[in-house]
1. Determine the equivalent ellipsoid of the stretch 379-452 by diagonalising the alpha-carbon gyration tensor, then write out the semi-axes as square roots of 5 times the eigenvalues, largest first, rounded to whole Å.
2. Points 7 angstrom from Cα along the Cβ direction at residue 2 and residue 71: gap in nanometres?
3. Could you work out the relative contact order of the stretch 339-427? I mean the mean sequence separation of Cα pairs under 8 Å and 6+ apart, divided by the number of residues, in percent.
4. With contacts defined as alpha carbon pairs under 8 Å and 6 or more residues apart, what's the relative contact order of the chain in percent?
5. Could you tell me the center-to-center distance, by alpha carbons, between the stretch 211-226 and the stretch 402-464 in angstrom?
6. Over the stretch 314-424, one equal point on each Cα, no solvent: what is log10 I(q)/I(0) by the Debye formula at q = 0.14, 0.15, 0.20 Å⁻¹?
7. Largest first and in whole Å, give the semi-axes of the stretch 215-330's equivalent ellipsoid, each being the square root of 5 times a Cα gyration tensor eigenvalue.
8. What distance in nm separates the two pseudo spin-label positions at residue 99 and residue 288, each 7 Å out from Cα along the beta-carbon direction?
């Protein structure tokens with residue numbers, strides 16, 4: 001991998017992000033009675049999409065919003081412009097990664113005709129109305145009365161399976177805002193994050209935007225590379241990145257398989273795997289270093305396997321580092337759905353070796369033929385034997401290349417190092433299928449005890 005390309009400036013990136021930041025600043029203060037600085041931020045967003053199919057609608061929307069007269073359709077146009085700008089940043093960074101790795105990225109195809117509004121249009125309009133009220137008051141002007149308006153909307157969305165994606169987003173967004181109310185008392189505002197959530201939710205109110213992605217099926221051999229674990233106080237998710245070798249002889253491709261589960265806040269560390277393990281046989285194969293044989297497994301155009309154990313069986317041993325050295329360099333990357341084009345969504349599997357690791361002032365870097373590649377050690381899960389210290393002593397690494405805080409960073413999934421003239425590998429998903437490791441086994445036992453107590457308490461409550 002050519003790490004020197006990852007440190008070079010990307011043309012137009014700073015300008016696009018500056019326009020996004022200008023709009024986010026205007027949104028933070030509220031668009032009910034915009035001040036001159038807010039009006040300038042809105043016009044900067046419109047100027048950034050000049051010459052595109054969005055230009056006329058966004059210019060009109062920016063003018064109306066600057067005058068404090070924007071309606072719900074104008075807010076949709078502004079959200080679309082902001083999303084398009086971040087999508088262009090995603091594409092530019094993706095092109096740079098493609099050049100650095102030498103692997104082509106797929107292109108997404110979309111239906112020519114938009115979906116006709118159905119019976120769900122009224123509840124979508126209700127969601128759009130609440131988001132518009134939120135934009136008018138802004139983060140600094142929000143209060144509990146405004147934020148609580150999301151509750152009836154979420155209740156109306158949840159019964160519709162096709163709208164639960166929007167419902168979950170609005171529910172979590174409203175809860176986060178409620179915890180920060182009143183906005184006038186906030187010392188700092190996460191402008192980019194809240195604007196991201198607002199814009200995404202606004203676009204999901206467009207009929208058809210929240211539809212489930214088109215799916216097909218695949219048959220072949222799945223070679224796991226590693227696991228990305230994401231933990232929340234009430235939920236946990238593991239996303240397995242892998243190379244798929246189709247049985248029809250077509251080229252290898254990168255795919256993902258995800259599993260998530262609700263969790264009590266007392267279950268942490270290695271205990272997380274107990275919650276995930278029953279839902280996916282792939283976790284056991286990952287920890288054992290085995291491949292999986294897939295038969296007609298559902299998969300989306302974006303490379304997400306809709307995992308079902310009925311379509312999979314355990315295969316032969318498959319070392320992740322052998323896969324990274326042999327199969328990964330020629331595996332085609334899946335395309336990204338239009339609405340998901342955002343720089344934070346970049347997570348590209350890569351393999352690096354022969355580097356010099358350096359740790360200084362809580363900053364870990366790999367030096368490869370000159371340029372430094374920053375390592376995101378904070379993303380290493382506690383539910384694994386992989387540690388920042390092990391990464392610092394390694395000589396080869398499988399990781400996810402991400403873009404964060406204005407630069408590319410590598411999230412380690414597995415590392416190889418030499419200990420007493422023997423090659424030792426440590427994986428973030430090593431405990432996924434169970435472990436005899438002393439630390440991992442202790443975490444499993446603690447989680448088992450916690451879950452047992454919670455189940456007993458829940459049983460008593462139900463009996464009452």
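Each reported figure results from applying straightforward, stated rules to the coordinates on display, with no laboratory input. Nothing here was measured: the structure is a model prediction, and the numbers come from that model. All Cβ positions, even for glycine, are placed from backbone atoms using ideal geometry, and neighbour counts span all protein chains on display.
1. On the way: eigenvalues 132, 68, 14 Å².
Working through the eigenvalues yields semi-axes of 26, 18, 8 Å.
2. 5.1
3. Normalised by residue count, the contact order of the stretch 339-427 is 29 percent.
4. 15
5. 25
6. -0.63, -0.72, -1.20
7. Details: eigenvalues 127, 45, 31 Å².
Calculated on Cα positions only, the semi-axes equal 25, 15, 12 Å.
8. It works out to 4.5 nm between the two label points.
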